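Working notes for the structure below.
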Amino acid sequence: VAAAMAEGEGQGLLSVDYEVSGRVQGVFFRKYTQGEARRLGLVGWVRNTSHGTVQGQAQGPAAGVRELQEWLRKTGSPESRISRAEFSNERKITALEHQDFQIRK
């Protein structure tokens, strides 16, 4: 398994959708997610949902996407309490589909 992961890991571009549950609204979660994504060289978006979660999409080099996934799972903004981070629609892409990493209203 490790060998298969090492090959192709960190190569190419990935796109993944995410949804984070817990205490993630009203705690600057979107702003921190945007900052972390930009630091990692990723593009995409983040927004609050009407049912109290934060969701979005991240795209960029595989290694950066993996790092953001870990951050969304464990870290988040200083005041947040993450109960669950779910990832879906992971796919390899040949070009980025966003210009920047934006906070959507």
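The values are calculated or read from the model by the stated rules, or taken from the named source; none is laboratory data. Worth saying up front: this structure is predicted, and the values here are computed from it rather than measured. A quick note on method: Cβ atoms are made from the backbone with ideal geometry, for glycine too, and the neighbour counts reach across all protein chains shown. Just the protein is used for accessible areas: all its heavy atoms, side chains included, with ligands, DNA and RNA removed. Shrake-Rupley method; radii C 1.70, N 1.55, O 1.52, S 1.80 Å.
Structure notes:
- In this structure, GLN99 does not qualify as surrounded by 12 or more Cβ atoms within 10 Å (Cβ to Cβ) and among the polar types (S, T, N, Q).
- Qualifying residue in the range 78-92 (condition: exposed (fewer than 14 other Cβ atoms within 10 Å of the Cβ), without any contact (Cβ under 8 Å) to a residue 40 or more places away in the chain and among the charged types (D, E, K, R)): no
- Residues (assigned to a strand (DSSP E or B), more than 22 Å from ARG91 (Cβ to Cβ) and either touching a residue at least 40 places away in the same chain (Cβ under 8 Å) or open to solvent by less than 20 Å² (accessible area, probe 1.4 Å) (or both)) located in the range 15-64: SER21, GLY22, ARG23
- For the range 65-77, filtering for residues that are out of contact with any strand residue (DSSP E or B) (no Cβ under 7 Å at 6 or more places or on another chain), outside any loop (DSSP other than H, G, I, E, B), of a type outside the set (Lys, Arg) and in contact (Cβ under 8 Å) with a residue 12 or more places away in the chain leaves 2.
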